[in-house]
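Just so it is clear, none of the values below were taken in a lab; they were calculated from the coordinates. All of these numbers come straight from a predicted model, not from anything done at the bench. Cβ atoms come from the backbone with ideal geometry, glycine included; neighbour counts cover every protein chain shown.
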Amino acid sequence: YAKFRPTAPQALVDEVLKFLAVKVSDRKLAVDVGCGPGISATIWAPYFEKVHGYDISEAQINEAKAVNQFENVSFSVSPAETISEKDES
């Protein structure tokens, strides 16, 4: 899956960051729910203090952990309905 999934283009990342600049007062935490092998989660590492990815698949989380090169990015196995971050955090 990870081998063939493309990454987000920088133009998309820039647009999301512009949107967040208007809507969010800080960049302490980004949460990627359904992160799979962590491709999208790691894109946000340079822009947030912490990034946490969740996926229901232990195999996908193991893949994400194996390839992660960022100290501020972490991953956990969890269904979306029970992630540890509170709503609107």
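Computed quantities for the displayed model
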{"quantity": "At most 13 other Cβ within 10 Å, DSSP loop - GluC sites (Glu not before Pro), the range 25-79", "calculated": "49, 71"}
{"quantity": "GNM top mover of 18, 28, 65 - the chain, alpha-carbon springs below 10 Å", "calculated": "18"}
{"quantity": "Separation of the residue 62 and residue 86 label points, Cα + 7 Å toward Cβ, nm", "calculated": "3.5"}
